[in-house]
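The values are calculated or read from the model by the stated rules, or taken from the named source; none is laboratory data. Note that the structure is predicted; figures quoted are calculated from it, not measured. Cβ atoms come from the backbone with ideal geometry, glycine included; neighbour counts cover every protein chain shown. Accessible surface is based on the protein model in full, side chains and every heavy atom, while ligands, DNA and RNA are left aside. Shrake-Rupley method; radii C 1.70, N 1.55, O 1.52, S 1.80 Å.
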Amino acid sequence: MEHYFFDLHFAAERVVDEDGVDHFDVGSAVYYGQRIADKIGRDADYKSLKVHVRSLDGSVLAIVAASSGRAGEQVALIGR
């Protein structure tokens, strides 16, 4: 297990994860970061949210944004 951190960046704000979470590998940590982005990014106020996935040494391993999945579905339903 390795320790990863998930910093939140939106608009001009930044929230640094000081605790982090253990994951089996980088892929698992990036997936977790994507889940965070998707859950928070659904809110209209946080559409600019990006999650920076960091390793224990501070290196940024990935930057993920909310996927458009549900938003795309909503637009498709409204357009009918």
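Take region 20-42 and flag every residue that is in a strand (DSSP E or B), closer than 16 Å to D7 by Cβ and open to solvent by 40 Å² or more (accessible area, probe 1.4 Å). Break it down stepwise before answering.
Initially, region 20-42 is screened for residues in a strand (DSSP E or B), giving 21-23.
Restricting the remaining residues to those that are closer than 16 Å to D7 by Cβ gives 21, 23.
Matches in region 20-42: V21 only.
Name the residues in region 1-18 that are touching a Ser or Thr at 6+ places or on another chain (Cβ under 7 Å) and not in a strand (DSSP E or B), would you?
A11
Considering only residues of region 43-66 that are open to solvent by less than 90 Å² (accessible area, probe 1.4 Å) and in a helix (DSSP H, G or I), which is modelled with the lowest pLDDT?
A44
Does region 1-17 hold any residues that are touching a residue at least 12 places away in the same chain (Cβ under 8 Å), open to solvent by 40 Å² or more (accessible area, probe 1.4 Å) and within 18 Å of D57 (Cα to Cα), and which are they?
Selection gives M1, E2, H3.
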